[in-house]
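Values in this text are rule-based calculations from the coordinates and carry no lab data. Bear in mind the structure is a predicted one, so any value in this text is a computation, not a measurement. Cβ coordinates were reconstructed from backbone atoms using ideal geometry, including for glycine residues, and neighbour counts include every protein chain displayed.
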Amino acid sequence: MTERQFQILAAIIEQYAEVAVPIGSVMLAKLFGVSSATIRSEMVRLEEMGMIEQPHTSAGRVPTDAGYRCYVNHLTESGSGEQPQLQGLDRSARAIEARVANYQNHADRAIRSAVDSLVDLTHNLGLATIGDELYMSGIGNLFSHPEFMNGAHTQAVAMLLDNLEPWLREAAPNEPLNVFIGSENPIGKSSGATLIVSRFRSPFSDRSYIGVLGPTRQSYARVMNLVRQTGAMLEEIL
């Protein structure tokens, strides 16, 4: 993949996260200052690589799970998935820390508060392991996304949620930040959902988890950073 092709893929992912409709060549041509024909040619290459696809009802393109994985790997390798690169992220992290600090002597309430803050900031479902239980908040947020108004997707997401706690306990993801995109999820593979979780040490376990579940159409750089920072902050406070 050339640098320009990657930049076009990234633009499709980032624009799609904002507008929730397939991205066409005219919008991208304006963004890159080149002709629509040039963009269409590059989009054909990206489609051949399996990075984007064309929904039947639209002339625009949307990212595939493989396209999202390529993008997320780039964020991680470049460090932008680890450091606050976006305006307002530090402010968001400080807001979570201020809220959680009120409960630093009550680990369960601190973790719940952190989850509730992630729900407010990401508009996704928030979750965390507290001892042997899984705390979840924001189910209304999750099912308000247009992707999950389809019955088949709703059922697949529900299956994912039903099995998430035993899967986390069994799989025990080992990285400080773990991203499972769409079909990478061990259950609910057809849900079109992404799970972003941070592992942290707590009074309950050396393998506690906090994170969010939302559509694959995510603002990945922001959400990955926020989840990572929240996990690190909880470990420090608790």
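Place a label point 7 angstrom from the Cα of Asn73 along the Cα-to-Cβ direction, then list the residues of segment 164-182 whose backbone nitrogen is under 19 Å away.
Under 19 Å, as judged by backbone N against the label point of Asn73, lie 174-182 of segment 164-182.
Only helical DSSP H runs with n ≥ 4 go in: add -39500 (n - 2.57) per run for the chain, normalise by residue count and round the 222 nm mean residue ellipticity to 500 deg cm²/dmol.
-16500 deg cm²/dmol
Could you tell me whether segment 3-63 comes out rounded, prolate or oblate from its Cα gyration tensor? Rule is a ≥ b ≥ c as square roots of the eigenvalues, rounded for a/c under 1.5, then prolate if a/b exceeds b/c, otherwise oblate.
Taking the square roots of the gyration eigenvalues as a ≥ b ≥ c, segment 3-63 is rounded.
Give me the three principal axis extents of the chain from the C-alpha atoms, as integers in angstrom, largest value leading.
60, 36, 28
Around Pro22, under 12 Å between beta carbons, what's the net of Lys plus Arg minus Asp minus Glu among the other residues?
That works out to +1.
Where nothing but the Cβ of Lys and Arg (+1) and of Asp and Glu (-1) is charged, how large is the charge dipole of the chain around its Cα centre, in debye to the nearest 20?
440
How would you rank Phe6, Phe180, going from fewest to most other Cβ atoms within 10 Å of each one's own Cβ?
Phe6, Phe180
Students often check this: by mean Cβ neighbours within 10 Å, which of 116-129, 38-51 ranks highest, and how do the rest follow?
Ranking, from highest mean packing down: 116-129, 38-51.
What list of ³J(HN,Hα) values in whole Hz, one per residue of segment 188-204 in order, does the Karplus curve 6.51 cos²θ - 1.76 cosθ + 1.60 (θ = phi - 60°) give from phi, with Gly and Pro shown as x?
Each residue of segment 188-204 in turn: x, 4, 9, 6, x, 10, 10, 10, 10, 10, 10, 8, 8, 8, 9, x, 8 Hz.
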